[in-house]
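Worksheet for the structure shown next.
Nothing in this text is a laboratory measurement; each read-out follows from the coordinates by a stated rule. None of these values were measured; they are calculated from a predicted model. FYI the Cβ positions are ideal-geometry reconstructions off the backbone, even for glycines, and counts take in every protein chain you see.
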Amino acid sequence: MFARKRGRLRLFPPGLWRILSLYAFFHLVLFFVAFLFLYPQQGAGDIRLYFRWSSKIFDGYYPYRDFSFQYPPFAWVPFLPPRLLSSSETGYILWFILEMFLLDAVILVTLAAIARQLGRSTSQVLTHYTVAIMALGPVVTRRFDLFPAALVLISLWAFLKGRHTLAWTTLAFGATAKLYPIAISGLFALIYLSRRQYRRLIASAATLVLVSLAVSLPFLPFLDDVRRSLAYHQQRGLQIESTFSSLLMVGKALGLEPVSSRFTYLELDGYRYGNDVVNAPLTSLLTDLSPFLTLVMLSLVYFLYLAHLQRPGGKEREREQLHEYVLVVLLVVLITSSVLSPQFLVWLAPSIALVSTEKPRLLWLFVLVGVLTQYNWPSHFDALVRMEPVPVTVLLTRNALLVTMTVWLFPWRSVPSTLTLGRLKRVITLGIRQHI
C-alpha cells in the first residue's frame, strides 16, 4: 500500500489514485443522489435516533447511566461528529451521510491496497464492491455499519502487511462498536498457532483486551447500567428477518406452528425504537439455541482453517485464503444469529468484492440478496410484519440464498481425512471456551 519514490512517502501510483478518485466520485453521487434524493425518508429514523442520543450527550447526560444505549461504547465515535457540525436534525442527517461516504472512501482505498497485495485486479475489486453497495441500497447510508466494516477491513489489510499491533487494535475498536468483529480474531490466532508464534499470540490477545478495556474505561463506573442497556439484545427474542424466523414462518405456512409478531422497544423522550420479533412456541428454544449454534459453527470453521494451514503448502497460501475465511465467518455469524437486520449485510460487502473476483457468481448471488432485502425493507416491511405471503416468500428466498452462499463457500476441501469425532469434539470445546 505504501511506496517510496525520491524520498517521499506515497500510497499508490498516480494512475491508481485517479481510478480511486473516479470510484469515490461515483459513490458520492450514489450516496447523495440515488440514496438520499430518490429515497429521502427510507430508514432515516435511525439517524434521527443517533441525533437524539448525541444531543443527550451535548446536554450533559451520560449514556447507559442517564439513558439507554443499545450498542457497545465505541459505537459513539460515528454518532458525535455530525452533531458537532450541526445542531439541527436535518443538518445532522446530511453530515451523517457524508461521514458514511468518507468511511466508504476508506473502504475503497483499503480494498485497492489488499487487491494489490493479493495480485488481484484493483478495478475489478472496486467495481464488485460498488455493485454490492448499489444492491444494498439506502440502508448503507442510514446506518453506521460502514464503520465496523471499515475497521475489520483495515484490520485485515494490517494483518496481511505484518502490522500486527495495528491489526489487533482496529479489530478491538470494531468489536467495541459492534461485537461481530471478535469472530475474526480466531482466524488471526490460528495463523499464529500454525506458525508456533506463541509470544505474538499472547501479545496480540493482550492488545485486544487492553484496547477494549481502554475504550470501555469511561463507562466502567456504570457497569450495571451498561449491562442493563445491552441486556435488551438478549431479551428481545427472534428478530423477524432472522433465519430462525424464516423456519417458523415455513412451519406456519404448513400449519405446523402458530406464529405472530410483536414490537420490542426501548424509549428515549417518548421516541420508541427497537425491532419486530416473532412469537411462537419454539421461539424461546431457538433464541437460546442461536448463540450455541454460532459457537459450534465458528469452531468448525476454525478447525477447518487450522487443517488448511497444516496441509502441505497451506502456510504459503494463508494470505490468499484468509479473506475467504473471513467471509465464511461473517456469513456464519449472520445465518446463525437471532437478529439479521438489513444493515448487517453491509458487513459482507468488502469481503464479497475480494472473493467474487475468483467466484463471479457469488457477486450476483449477493446482488439478488440485496434486491430482495430492499423489497422488504422498508417499503413492504409492514406487510412482512403482518406475514403476508409475498414479503414472507421474499424473506425466505433471501435467507435461503444466504445459507446457499455459506454452504458454497464453506471450506469442505480442508476437512482432513484423519478427522475423528473425538478430535472434532475437542476443537469445538476449545472454540466454545475461547468465546465464552
In terms of the Cα gyration tensor, with a ≥ b ≥ c the square roots of its eigenvalues, is the chain rounded because a/c is under 1.5, prolate because a/b exceeds b/c, or oblate?
-> rounded
Segments 242-250, 404-412, 122-130, 139-147 sorted - mean Cβ within 10 Å per residue, highest first = 139-147, 242-250, 122-130, 404-412
Long-range amide H partners of TYR64, meaning residues 5 or more apart or on another chain whose placed amide H is closer than 5 Å, are PHE69
Can you put PHE263, PHE37, PHE69 in order of Cβ neighbours within 10 angstrom, beginning with the fewest?
-> PHE37, PHE263, PHE69
Would you calculate, for the chain, the mean residue ellipticity at 222 nm contributed by helices, counting each DSSP H stretch of 4 or more residues as -39,500 (n - 2.57) and dividing by all residues, to the nearest 500?
-> -21000 deg cm²/dmol
From the square roots a ≥ b ≥ c of the eigenvalues of the alpha-carbon gyration tensor of segment 51-175, which class results: rounded (a/c under 1.5), prolate (a/b over b/c), or oblate?
-> oblate
Test item: Cα-centred dipole of the chain, Lys/Arg +1 and Asp/Glu -1 on Cβ, debye | 1980 debye
Kindly count the pairs of lysines across the chain whose alpha carbons are less than 26 Å apart, treating pairs on different chains or eight or more residues apart as eligible.
-> 7
Residues of segment 127-170 with amide N under 20 Å of the 7 Å Cα→Cβ point at GLU320 | 157, 159-162
Per its Cα gyration tensor (rounded if a/c is under 1.5, else prolate when a/b beats b/c, else oblate), segment 284-396 is best filed as oblate
Packing-based exposure ordering (other Cβ within 10 Å, fewest first) of PHE219, PHE58 = PHE58, PHE219
